[in-house]
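What follows is one structure encoded as structure tokens, with my remarks underneath.
The values are calculated or read from the model by the stated rules, or taken from the named source; none is laboratory data. Since we're looking at a predicted model, the values are computed, not measured. Neighbour counts are summed over all protein chains in view; Cβ atoms, including those assigned to glycine, are modelled from backbone coordinates with ideal geometry. To get the accessible areas, we keep the full protein, side chains included, count just its heavy atoms, and leave off ligands, DNA and RNA. Shrake-Rupley method; radii C 1.70, N 1.55, O 1.52, S 1.80 Å.
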Amino acid sequence: MSAVPEFKPNDHPSGGWGSVKAVTTYLIREEALVAGTKALLVQNKPGGFSCVSCAWAKPSKPHLAEFCENGAKATAWELTGKRMPAKFFEAHTLTELETWSDHELEVGGRLTVPMRWDSATDRYLEVSWEDAYADIGAELKKLRAEDPKSTVFYASGRASLEASYMYQLLARLYGNNNLPDSSNMCHESTSVALPLTIGVPVGTVTLDDFEQTDAMFFFGHNTGVNSPRMLHQLQDARKRGVPIVTFNPLRERGLVSFANPQSPIEMLTLAETKISTQYHQLKIGGDIAVLTGMCKSLIAMDDIARLAGIKRVLDVDFLAEHTSGFEMFAETVREASWAEIEKESGLTRDDIEQATLVYAKAHAVIAVYGMGLTQHRKGVQNVQMLSNLLLLRGNIGRPGAGICPVRGHSNVQGQRTVGITEKPALAPLDKLAALYAFEPPRTKGLNTVEACEGVIDGSVRAFIGLGGNFVRAVPETERVEAAWRRLRLTVNVATKLNRSHLIHGEVSYLLPCLGRIEIDRQASGEQTVALEDSTGFIHASKGVAEPAESTLRSEASIIAGIAQATLAPNPMVPWQDWVADYGRVRSAIEATYPEIFRDFEQRFRIPGGFQRPIPARERIWKTSSGKANFMVVESLVADPDTPETDPDVLRLMTMRSDDQFNTTVYSLDDRFRGVYGTRKVLLMNRDDIDRLGLAEGAIVTASTAVDDGHTREVPGLRITGFDIPAGCVAGYYPECNPLIPLAHHAEQSKVPAAKSIPVRLRLASPDFGLPS
Ligand SMILES: Nc1nc2c(c(=O)[nH]1)N[C@H]1C(S)=C(S)[C@@H](COP(=O)(O)OP(=O)(O)OC[C@H]3O[C@@H](n4cnc5c(=O)[nH]c(N)nc54)[C@H](O)[C@@H]3O)O[C@H]1N2
Ligand SMILES: Nc1nc2c(c(=O)[nH]1)N[C@H]1C(S)=C(S)[C@@H](COP(=O)(O)OP(=O)(O)OC[C@H]3O[C@@H](n4cnc5c(=O)[nH]c(N)nc54)[C@H](O)[C@@H]3O)O[C@H]1N2
Ligand SMILES: [Mo]
């Protein structure tokens with residue numbers, strides 16, 4: 001890590017020697033060389049464990065080394081030899097630790113013992129597991145007597161299907177559906193958009209489709225950093241001559257070129273594969289305009305083909321048999337003006353037509369997307385426009401084609417599948433009622449944004465976090481943190497220390513758990529868990545490393561401990577039997593969801609696992625019309641909050657570096673973007689720097705340009721000239737989260753619009769250290 005900030009443009013391929021060096025450096029720095037190297041050999045392999053980093057699919061026939069640089073870092077981070085024992089917390093007050101950076105907090109290593117915050121000394125002090133459960137149970141019982149809806153049960157997306165199923169049951173037996181999860185900040189726009197268009201809440205593409213596709217389109221996903229194993233599929237496709245068209249405001253290295261660190265020939269010859277055949281740097285929030293332009297030119301081509309009596313460009317048979325709403329959609333798109341499309345997208349008509357030609361020529365197309373589409377005010381419409389484009393040529397439910405939302409956390413999709421949701425309609429409540437002889441709560445629970453609102457208005461009194469770093473990941477940092485301190489109870493189950501553990505309620509517990517890479521020994525022996533990846537495959541994962549400490553407990557066991565201390569005994573819910581043998585939880589999951597989890601115990605162990613039913617893959621549409629629906633998107637403006645009329649207001653996207661996993665910051669470097677030794681930067685268009693009278697290296701304060709009576713600022717940001725469209729700036733997440741207003745979220749899904757924050761910049765007065 002650089003000691004001082006440096007900026008060095010990077011034009012090396014992603015992967016390559018840089019990647020190998022990074023992994024080795026990590027294993028050494030984390031004191032995890034032996035345990036880490038051993039673990040890496042069975043990472044993402046049958047009989048081994050599933051990577052704790054991203055949710056990308058694991059092939060049934062893995063490569064010799066089935067991991068990427070970032071997966072290896074995540075392994076080293078979890079298997080670190082460093083510890084934060086009780087002694088560490090005796091030496092530091094929480095008030096002091098609040099001044100530490102995200103990186104400094106986590107780099108200290110693994111938490112080792114359960115602790116309770118002591119108000120007299122402002123420190124976390126060790127307690128026994130039994131005392132912790134008893135006290136948490138007593139607090140929760142008291143709160144429930146007043147209002148069972150005042151407690152929130154958050155899940156971050158890593159816990160296994162077994163632990164997640166137990167967790168949702170705990171919340172519902174307690175009396176609410178307050179089960180927000182990280183997907184509320186992530187792919188909720190997908191979960192809202194796709195059921196309306198194609199009748200499934202998840203993507204339709206599998207690894208096999210990548211082998212048969214004829215063209216790929218990437219919208220707002222930083223593949224080389226956030227699901228690097230996918231680069232293997234992209235590289236194979238490129239070798240077959242498959243074109244890849246990318247729409248992204250930044251030229252992300254992994255989407256430009258890639259050298260496979262697992263190929264000795266590529267490493268020795270410094271060969272690299274060019275990934276994107278077209279790279280379009282659209283404006284932040286320009287996707288609805290781009291997609292409208294593509295649909296418009298496709299329909300125009302088809303109109304000509306029809307008149308000329310030649311082969312149609314649209315898949316007219318598919319449209320007639322399988323879709324609804326095409327005519328109205330086509331009309332809207334025909335009426336859209338190119339001038340407006342060009343203005344909103346920042347691209348030319350020619351750019352968009354070039355991309356459309358690639359689309360029109362391909363028989364089977366995959367569209368991949370990430371946070372660049374979902375984290376917008378119009379995040380749901382972004383996804384629906386992408387679905388519209390695919391439907392025009394029947395690119396759903398055909399081999400080699402489909403829509404591919406790339407999920408974030410390694411089991412975030414699976415948590416939804418087993419009931420972690422605040423929406424009662426998505427949980428099998430009647431089934432739960434019958435299986436466990438209770439009356440589940442039927443009213444909608446709180447999602448992430450609503451949970452924050454509840455904390456601010458005082459209606460939420462307690463927060464339980466199954467992993468994650470909620471306070472740091474959500475918008476509106478300042479007001480949320482201030483309100484957080486008024487909570488009665490905060491409980492965090494975690495592997496490492498983060499800011500959410502420091503901003504505490506009156507009663508606060510930090511409970512250390514096993515990570516997924518560690519061997520989980522229970523009464524029936526070593527346990528295996530199940531996870532669901534981004535392509536809907538459900539598969540096994542078994543820990544391989546010795547636990548960091550013998551005092552750690554598994555997430556399943558901690559949930560059971562809290563549940564038993566809180567809830568009246570219920571003979572139908574055998575918490576301890578479940579902990580003794582996770583196979584029994586799997587039986588319960590199968591009994592709850594027989595269609596998805598048929599023969600769960602047998603099927604999840606086969607290499608590669610089994611796929612949950614995805615009816616859209618078979619062209620069965622579980623929508624209200626029984627067809628795939630075209631959705632009309634009226635306005636091309638993706639971000640109604642950033643007025644184009646004020647030239648001083650810029651659109652800020654918050655981004656991940658190549659050296660972080662969400663709020664876990666491995667180092668201050670971002671190798672791919674050439675930023676070293678600091679995260680307090682704003683990447684900015686060079687003409688904008690001049691236009692606004694700023695200078696390269698100048699330090700500015702960013703403030704949110706929303707007039708709602710609240711001031712939101714992040715000071716100390718260094719201006720860095722970058723290849724980014726005019727009017728757009730990029731800064732790092734979570735450092736820039738204080739700038740996001742809570743109300744600035746996707747209209748239907750409430751995903752915070754973290755990719756499009758209206759900001760103004762003002763120069764900090766220079767401090768030359770001279771006497772005043
Ligand atoms: N190593 C690593 N892996 C991870 C994570 C991590 O932090 N580190 N996080 C995990 C999680 S939880 C998630 S959700 C995923 C996140 O993975 P991504 O979905 O890739 O999310 P971001 O890193 O936020 O990057 C979004 C991309 O969208 C682009 N973008 C921004 N605004 C726009 C826009 O308006 N339009 C378009 N077309 N593009 C835009 C950005 O330039 C960036 O390349 O990754 C998961 N995997
Ligand atoms: N501005 C801005 N904000 C964003 C985003 C953005 O792009 N921009 N992205 C959003 C997205 S996509 C997401 S998913 C959220 C992420 O929000 P979260 O999921 O809440 O946050 P993480 O940073 O992934 O959580 C990291 C913590 O998880 C704990 N942990 C790690 N492994 C385990 C484990 O095995 N078990 C348990 N119990 N704990 C564990 C560690 O203590 C670690 O400190 O942030 C969102 N916030
Ligand atoms: Mo995410």
Inset, instruction - Working only within the range 300-341, note down all residues that are open to solvent by 80 Å² or more (accessible area, probe 1.4 Å) and β-branched (Val, Ile, Thr). - result: ILE304, ILE310
Legend entry - Looking only at the range 352-374, and only at residues there that are touching a helix residue (DSSP H, G or I) at 6+ places or on another chain (Cβ under 8 Å) and of a type outside the set (A, V, I, L, M, F, W, C), the one that is nearest to HIS744 (Cα to Cα): THR374
Legend entry - Count of the range 460-470 residues which are open to solvent by 20 Å² or more (accessible area, probe 1.4 Å) and under 16 Å from the mean Cα position of the chain (by Cα): 1
Legend entry - Verdict on GLU532 being in contact with a Ser or Thr (Cβ under 8 Å, 6 or more places away or on another chain) and within 20 Å of TYR124 (Cα to Cα): no
Legend entry - Residue in the range 700-722 that is farthest from the chain's Cα centre (by Cα), counting only those that are of a type in the set (Val, Ile, Thr), buried (at least 18 other Cβ atoms within 10 Å of the Cβ) and more than 22 Å from LEU282 (Cα to Cα): VAL700
Legend entry - strands (runs of 3 or more DSSP E) wholly inside the range 53-158 that include at least 1 residues being crowded, with 24+ Cβ neighbours inside 10 Å: 123-126, 151-155
Inset, instruction - Among the helices (runs of 4 or more DSSP H) lying completely within the range 570-689, list those that include at least 2 residues that are crowded, with 17+ Cβ neighbours inside 10 Å, in contact (Cβ under 8 Å) with a residue 60 or more places away in the chain and among the aliphatic types (A, V, I, L, M). - result: 582-592
Inset, instruction - Look through the range 447-459, keep the residues that are touching a helix residue (DSSP H, G or I) at 6+ places or on another chain (Cβ under 7 Å) and more than 23 Å from VAL192 (Cβ to Cβ), and return whichever of them is surrounded by the most Cβ atoms within 10 Å (Cβ to Cβ). - result: VAL455
Inset, instruction - Kindly check whether there is at least one residue in the range 236-250 that is within 16 Å of ligand 3 (Cβ to nearest atom) and under 26 Å from GLN375 (Cβ atoms). - result: no
Inset, instruction - Just give me the residues in the range 604-647 being over 27 Å from the mean Cα position of the chain (by Cα) and among the basic types (Lys, Arg), in sequence order. - result: ARG619, LYS627
Legend entry - Which numbered condition LYS542 misses (of (1) in contact with a Ser or Thr (Cβ under 7 Å, 6 or more places away or on another chain); (2) open to solvent by 10 Å² or more (accessible area, probe 1.4 Å); (3) in the same structural domain as LEU97 (by TED's automatic domain parsing)): (3)
Inset, instruction - Need at least 2 residues that are within 16 Å of ligand 1 (Cβ to nearest atom) and more than 23 Å from ASN70 (Cβ to Cβ) per element, so show me which helices (runs of 4 or more DSSP H) inside the range 164-270 make the cut, counting only ones lying wholly within it. - result: 188-197
Legend entry - Test for VAL242: is it touching a residue at least 12 places away in the same chain (Cβ under 8 Å) and closer than 30 Å to GLU439 by Cα: no
Inset, instruction - Just give me the residues in the range 499-514 being near ligand 2 (Cβ under 8 Å from one of its atoms) and open to solvent by 10 Å² or more (accessible area, probe 1.4 Å), in sequence order. - result: LEU514
Inset, instruction - Output the number of the condition that PRO734 fails; it satisfies all remaining conditions of (1) part of a loop (DSSP other than H, G, I, E, B); (2) over 22 Å from PHE7 (Cβ atoms). - result: (2)
Inset, instruction - Give ASN178, ASN184, ASN226 a once-over and let me know the one that is touching a helix residue (DSSP H, G or I) at 6+ places or on another chain (Cβ under 9 Å), within 16 Å of ligand 2 (Cβ to nearest atom) and open to solvent by 10 Å² or more (accessible area, probe 1.4 Å). - result: ASN226
Inset, instruction - Within the range 451-474, work out how many residues are more than 15 Å from ligand 3 (Cβ to nearest atom) and either closer than 24 Å to ALA563 by Cα or not in a loop (DSSP other than H, G, I, E, B) (or both). - result: 16
Inset, instruction - For ASN737, state whether it is under 22 Å from the mean Cα position of the chain (by Cα) and either modelled with pLDDT of 95 or more or away from ligand 3 (no atom under 16 Å from the Cβ) (or both). - result: yes
Inset, instruction - Having 2 or more residues that are in contact with a strand residue (DSSP E or B) (Cβ under 9 Å, 6 or more places away or on another chain) and within 16 Å of ligand 3 (Cβ to nearest atom) is the bar; report the helices (runs of 4 or more DSSP H) wholly within the range 299-400 that clear it. - result: 371-374, 379-392
Legend entry - Selection count where residues are within 16 Å of ligand 2 (Cβ to nearest atom) and part of a loop (DSSP other than H, G, I, E, B), scope the range 22-43: 2
Legend entry - Where VAL507 falls short, out of the listed (1) among the hydrophobic types (A, V, I, L, M, F, W, C); (2) away from ligand 3 (no atom under 16 Å from the Cβ); (3) under 19 Å from the mean Cα position of the chain (by Cα): (3)
Legend entry - Single match in ARG407, ARG416 (criterion: on the phi < 0 side of the Ramachandran plot, assigned to a loop (DSSP other than H, G, I, E, B), touching a helix residue (DSSP H, G or I) at 6+ places or on another chain (Cβ under 9 Å) and open to solvent by 10 Å² or more (accessible area, probe 1.4 Å)): ARG407
